[in-house]
1. Below 14 angstrom from the Cβ of ASP44, what's the summed charge of the other residues (Lys, Arg +1; Asp, Glu -1)?
2. Number of Lys-Lys pairs in the chain under 22 Å by Cα, sequence gap 8 or more or different chains?
3. In which sequence would TYR405, TYR314, TYR170 go, from the one with the fewest C-beta neighbours within 10 Å to the one with the most?
4. Out of every Cα pair in the chain, what percent are spaced more than 43 Å from each other?
5. Take the alpha carbon gyration tensor of the stretch 114-198, find the square roots of its eigenvalues, order them as a ≥ b ≥ c, and report rounded if a/c is under 1.5; if not, report prolate when a/b exceeds b/c, else oblate.
6. Rank VAL166, LEU212, GLY105 by how far each Cα sits towards the positive end of the charge dipole of the stretch 102-261 (+1 on Lys, Arg Cβ; -1 on Asp, Glu Cβ) and give me just the farthest.
7. Using packing as a proxy for protection, rank 133-144, 269-280 so that the peptide with the highest average count of other Cβ atoms within 10 Å comes first.
8. Which whole-number percent gives the relative contact order of the stretch 37-152, counting Cα pairs below 8 Å spaced six or more residues apart?
Amino acid sequence: MKTLFNFSLISIIFLSLSACSVHTIDYQPKPVVKAGALFSETADKQPVSGRPWWLGFNRPLLNELIADSLNANQTVLQAQARLRQARAVTEQTRSSLFPQVTVEGDAGKTWQGTDPRRGTANIGSALQWELDIFNRTSALAEADRLDAQARLEDMNALRLTLSAEVANAYFGAVAAQRRLILLEDQVRTDQELLDLLILRLENGVGTNVEVLQQQSLVAESRSLIPSTKGLLRIFENRLDVLLGQMPDGQNRIYADETLDLADIMPAVGVPADLLFNRPDLRAVKSELIAADAEIAAAIADRLPRFNLGGSFSYTDTAAYSGPVTMILGNFIQPLIDWGQRKAKIEENRAVYEERLALFAQLYLEAVEAVENALTREHRQREFIKRLEERSVLLKKTKDEAEALYTQGVDDYLSVLNALQELNDVERDLIDERLILINTRIALHRAVGGAITERSETEKAN
């Protein structure tokens, strides 16, 4: 009767505690800020392409370099190791959900004086299992799983950054190569004009000042060649390191590569798409849900823990030989901990609020990055168009000035000024075209361009 009473009392306590509200994890948290329906610089609602973003540049060598870097870059390999660590931690925590079984055995023999006593032997297995009734261990395992998911997204964000760095280094090397070719061409043209001025001087037509001015222009163009060669080598070295290789002093970039960029803008989708496309936002979201799971675990930690233990063994002693079975159940209910567990809940809630604010901030910055990249590309294209128009005018001006100078109508200063301006604009065009390409790369990175082929189902999710 007493046993029945005790069992009934425990059952009542258990049912009362079971009725307590256990925390429910929110798997779809939203940033506390709301973005507009469209980006201000575009009316395009077309979703971001599911193809790797760099394919839009139509550069086979660039495709090859990025693919190699994603497999061999040392920083990516570090991220892969961190992901394996996080997944191993998840498996460790998850294993606590299942019974722990051990095998035990012992044997012994004693002597009383010289008289041996009968030996004893025991072999069997033992079981220990914490029943996860209030999902404490499940919540901890879920938090670890989500942390591992965040590490996966961290790796994806790193791969996206790496692909952008390879593209920046690639086009930086292309720009240096184009600038070097342009400088050599300008030196050749300026030298031809210098030779003509020297010939005119020798024939008593020109002046020594004109020759000196042209020599200065040739020297200026030549002085820019060493730094341009150095810049080319720096970009090539960067490519080597990004590919996980030692810098070898060899050029990877083709000599005939250009900085041409299609006028067609890539699809950028809408601001809400960033929450799904950008791996850094997906990582923060996983960490946010993990913090919510830790709140659930902390709440469950205030509730009873139920343990089930048992053993089965075969015993051979003087008193008994045969199987021995034991089953034991117990529960532990915290009563007085001076607010320790309650404070843990408050700590986890504060962590959740911190990560929620971080989620919102990163979302704001992501929208800002896309808006800025769109604005910069539109304005950069306008600027390049103006430079190209100016380049055409300067070529005409130079030709007209040379004609007037040859006819003796004007002095050489007008020719020199037009030539200097034309040289400067041609160099600026290379620099500005590189800025435009880097802006396009930044746009792909800002919208979370794909780094692997993305299926239609993944894009929809």
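Nothing in this text is a laboratory measurement; each read-out follows from the coordinates by a stated rule. Since we're looking at a predicted model, the values are computed, not measured. Every residue, glycine among them, receives a Cβ derived from its backbone with ideal geometry; neighbour counts consider all protein chains shown.
1. Value of the local net charge: -3.
2. Total qualifying Lys-Lys pairs in the chain comes to 12.
3. Numbers: TYR405 20, TYR314 13, TYR170 27.
Neighbour counts put them in this order, fewest first: TYR314, TYR405, TYR170.
4. Within the chain, distances greater than 43 Å cover 47 percent of Cα pairs.
5. Working: a/c = 14.36, a/b = 3.53, b/c = 4.07.
Because a/c hits 1.5 or more and a/b fails to exceed b/c, the stretch 114-198 counts as oblate.
6. GLY105
7. 133-144, 269-280
8. Working: 90 pairs, mean separation 30.7, N = 116.
Relative contact order of the stretch 37-152: 26 percent.
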